[in-house]
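Trainee: First, the structure itself, so that you have it in front of you.
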Amino acid sequence: MESLDEVIDAMIADRVIHRHRRIWLLLIALIVAAALVVLATGGWKEKKGRTVPTLEAPATVTAGRFEFNFTKAEIVRKPKGEYSEAETSLKVYFTAKNIDSEQYTSESVHGDLLVFVPGGGEDLVDSNGGDCKGGLNWVLVYGLPPEECSTKFKVAPDFTADMVEIGVLGEQFKADNGSLGLSETPYWQSETPAAVVRLKPTVVVDDGKNG
């Protein structure tokens with residue numbers, strides 16, 4: 001049979017356990033509430049200040065193995081057809097020159113080197129690559145003059161904007177970490193932001209009558 005002291009000790013221990021349980025439940029509730037607030041205000045994305053220059057078109061940007069000169073942008077609207085839904089795309093025009101003085105190799109402008117920056121916490125949108133001379137992902141040869149190019153970004157059918165921002169990324173010519181057993185021969189890799197170019201788009205309707 002338990003003594004009075006043992007009963008009292010058990011009652012005290014039970015109260016302590018319940019008190020700590022309430023504290024833990026309160027902490028969990030606060031964490032859940034904070035998570036819901038973060039999700040409601042744009043997710044877990046870390047908001048950082050822009051560390052690259054912001055330029056107004058027309059603008060020239062040197063990024064990695066390419067030199068770009070951005071000129072204009074269009075919001076291209078394709079009306080709804082008998083068998084198709086309405087579509088809208090953002091089209092950006094520029095010249096591109098291969099300046100790869102490291103390897104002197106030919107290369108095309110890949111879609112992840114030019115991105116649409118919608119703002120408002122939304123995800124970046126990759127382009128479809130460099131379309132030069134009517135050929136998507138046209139290969140640019142080192143040493144030749146700049147080529148007239150364009151690129152497209154998928155946007156919502158009702159997309160509209162007075163100003164658009166295009167992020168330009170450039171690869172770095174560097175080697176991997178040899179201490180990890182990787183090759184120490186440098187090569188183009190690791191796309192990093194180089195600049196943001198702002199353009200005022202015009203609206204163009206593609207009714208399919210101009211080719």
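Trainee: Where in region 112-211 are there strands (runs of 3 or more DSSP E), lying wholly inside it, with at least 1 residues that are at pLDDT 90 or above and among the acidic types (Asp, Glu)? First the steps, then the outcome.
Mentor: Details: elements: 114-116, 147-154, 164-174, 187-199, 202-205.
Answer list for region 112-211: 147-154, 164-174, 187-199.
Trainee: Oh, and also: Take the residues of region 63-86 that are within 30 Å of Lys97 (Cα to Cα) and among the hydrophobic types (A, V, I, L, M, F, W, C): which is farthest from the chain's Cα centre (by Cα)?
Mentor: Filtering region 63-86 for residues within 30 Å of Lys97 (Cα to Cα) gives 63-77.
The next check asks that each one be among the hydrophobic types (A, V, I, L, M, F, W, C); those that pass are 63, 66, 68, 70, 73, 75-76.
Working: Ala63: 16, Phe66: 19, Phe68: 19, Phe70: 19, Ala73: 18, Ile75: 19, Val76: 21 Å.
So, considering only residues that are within 30 Å of Lys97 (Cα to Cα) and among the hydrophobic types (A, V, I, L, M, F, W, C), the one farthest from the chain's Cα centre (by Cα) is Val76.
Trainee: So Tyr104 passes all but one of these: (1) open to solvent by 70 Å² or more (accessible area, probe 1.4 Å); (2) more than 28 Å from Ala156 (Cβ to Cβ); (3) assigned to a strand (DSSP E or B). Which condition number does it fail?
Mentor: If we test Tyr104 against (1) open to solvent by 70 Å² or more (accessible area, probe 1.4 Å); (2) more than 28 Å from Ala156 (Cβ to Cβ); (3) assigned to a strand (DSSP E or B), just (3) comes out false.
Trainee: If you don't mind, there's one more thing I want to ask. Looking only at region 134-173, filter to residues that are of a type in the set (D, E, K, R) and surrounded by fewer than 12 Cβ atoms within 10 Å (Cβ to Cβ); which one of those is farthest from Thr62 (Cα to Cα)? Working first, answer last.
Mentor: Narrowing region 134-173 to residues of a type in the set (D, E, K, R): 147-148, 152, 154, 158, 162, 165, 171.
Among the residues that remain, those that are also surrounded by fewer than 12 Cβ atoms within 10 Å (Cβ to Cβ) are: 158, 162.
On the way: Asp158: 33, Asp162: 26 Å.
Within region 134-173, the match that is farthest from Thr62 (Cα to Cα) is Asp158.
The values are calculated or read from the model by the stated rules, or taken from the named source; none is laboratory data. Since we're looking at a predicted model, the values are computed, not measured. All Cβ positions, glycine included, derive from the backbone under ideal geometry; neighbour counts span all protein chains shown. Only protein heavy atoms, including side chains, enter the accessible area calculation; ligands, DNA and RNA are left aside. Shrake-Rupley method; radii C 1.70, N 1.55, O 1.52, S 1.80 Å.
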